[in-house]
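Enquirer: Here it is, the structure in full.
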Amino acid sequence: KKIPFFSSLSYDELKQIDDLIIMRKYKKGMFVFLEDEPGEALFFIKSGQIKLSKMLETGEEQILQILKADDIFAEVVLFDQGPYPATAEVIEDAKIGMIKSEDVNKLIKRNPEISIKILDVMSKRLRQAQMKIRDLGLKDTRGRTASMLVKLAEEYGKETDKGIELELSLTRKEFSNLIGTSRETITRILSDFKDDNLVEVGRKQIIVLDLTGLKKWS
């Protein structure tokens, strides 16, 4: 019920979905699936973190999203039966629920109202994704970096005496891939933000010192 994708379903509908769930545990570094593999299921995170990424023609990795508990992914294959559009890698030991597309399709044939509710959620998620793409296209690298730091602070931040510590184990290269720029550029921007007392930067740690200040850049 806490998962937005299923939150509009009734108790009886949720029970039918629950009967289809296969729970699995993954260790850090394991892959849930690889890009272009046959799409067989949608997934949701019970605990842990997942990195979704695509491989560019240049051979560079483009990180699309970092997901946490209660997030779903690969829902696009639910209806089109196509391949997975990205690679899902575990970046923090995770417990993941899997629901096979064929099982959901059988359920939908018996209960068409479930598909209407799910499609409504999917359309809202698509609209949000389109708005995100539009916003990113209007911002320079500094603005995109600030926006990402704000987003990560709000979703993964832990309040400390110093500020908001990002509970993410991302290398500088992975962070640059998340922004869609080079490691050198991100290092320079983070250094500038540090000089402005907006963030504190460690080897694999970022603490947001001034969230309001970052939002002015985002």
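The values are calculated or read from the model by the stated rules, or taken from the named source; none is laboratory data. Keep in mind the model is a prediction, meaning the values are calculated, not measured. Backbone-built Cβ (ideal geometry, glycine too); neighbour counts: all protein chains shown. To get the accessible areas, we keep the full protein, side chains included, count just its heavy atoms, and leave off ligands, DNA and RNA. Shrake-Rupley method; radii C 1.70, N 1.55, O 1.52, S 1.80 Å.
Enquirer: If I stretch the segment between Ser115 and Gln62 completely, what's the gain in nm (0.36 nm per residue apart, minus their alpha carbon distance), one decimal?
Expert: Length gained, Ser115 through Gln62: 15.9 nm.
Enquirer: In terms of modelled amide H atoms, which long-range or inter-chain residues lie less than 5 Å from the amide H of Ala86?
Expert: Residues meeting the criterion, in which the H sits 1.01 Å from N, are Asp36.
Enquirer: If you plug each phi of the range 190-205 into the Karplus form 6.51 cos²θ - 1.76 cosθ + 1.60 with θ = phi - 60°, what whole-Hz ³J(HN,Hα) values come out, in order, with x for Gly and Pro?
Expert: 5, 5, 5, 4, 5, 4, 8, 6, 8, 9, 10, 10, x, 4, 10, 9
Enquirer: Would you work out the relative contact order for the chain, in percent, from Cα pairs under 8 angstrom that are 6 or more residues apart? It would help to have the intermediate numbers written out before the result.
Expert: Details: 366 pairs, mean separation 43.2, N = 218.
Taking the mean separation of contacting Cα pairs over the length of the chain, I get 20 percent.
Enquirer: Could you please put Met30, Met122, Met98 in sequence from largest to smallest accessible area, using a 1.4 Å probe?
Expert: Correct descending sequence by accessible area is Met30, Met122, Met98.
Enquirer: Using alpha carbons only, how many angstrom separate the centre of the range 129-207 from the centre of the range 1-39?
Expert: The range 129-207 and the range 1-39 have Cα centres separated by 29 Å.
Enquirer: Roughly to the nearest percent, how much of the accessible area of the range 4-136 is carbon and sulfur, given a 1.4 Å probe?
Expert: With neighbouring chains kept in place, the figure for the range 4-136 is 55 percent.
Enquirer: May I ask for log10 I(q)/I(0) of the range 6-45 at q = 0.14, 0.24 Å⁻¹, from a Debye sum over the Cα atoms as equal point scatterers with solvent left out?
Expert: The calculated log intensity ratios at q = 0.14, 0.24 Å⁻¹ are -0.47, -0.94.
Enquirer: Okay, moving on. Note down the nm distance, to one decimal, between modelled labels 7 Å out along Cα→Cβ at Lys106 and at Leu209.
Expert: Spacing of the two 7 Å Cα→Cβ label points: 5.8 nm.
Enquirer: On full extension of the chain, what length is gained from Leu14 through Lys27, given 0.36 nm per residue of separation minus the C-alpha to C-alpha distance?
Expert: 1.9 nm
Enquirer: Turning to a different aspect of this structure: With a 1.4 Å probe and all protein chains left in place, how much of the accessible area of the range 139-217 comes from carbon and sulfur atoms, in whole percent?
Expert: Exposed carbon and sulfur together represent 42 percent of the surface.
Enquirer: Let me see the pair-distance distribution of the chain: every alpha carbon pair, 5 Å bin width, integer percents in order.
Expert: All Cα pairs, binned at 5 Å, distribute as 1, 6, 13, 17, 17, 15, 12, 8, 5, 3, 1, 0, 0 percent.
Enquirer: Taking the Cα centre of the range 4-136 as origin, work out the dipole magnitude from +1 charges on Lys and Arg Cβ and -1 charges on Asp and Glu Cβ, in debye rounded to 20. Present the calculation step by step, with values, prior to reporting the outcome.
Expert: Numbers: 20 positive and 23 negative charges, 74 e Å.
Computed about the Cα centre, the dipole is about 360 debye.
Enquirer: Expressed as a fraction of 2.2 N^0.38 Å, the rule-of-thumb size for a compact globular protein of N residues, what is the C-alpha radius of gyration of the range 139-217? Please list the in-between numbers first.
Expert: On the way: Rg = 11.1 Å, N = 79, 2.2 N^0.38 = 11.6 Å.
Against the compact-globule rule of thumb, the ratio is 0.96.
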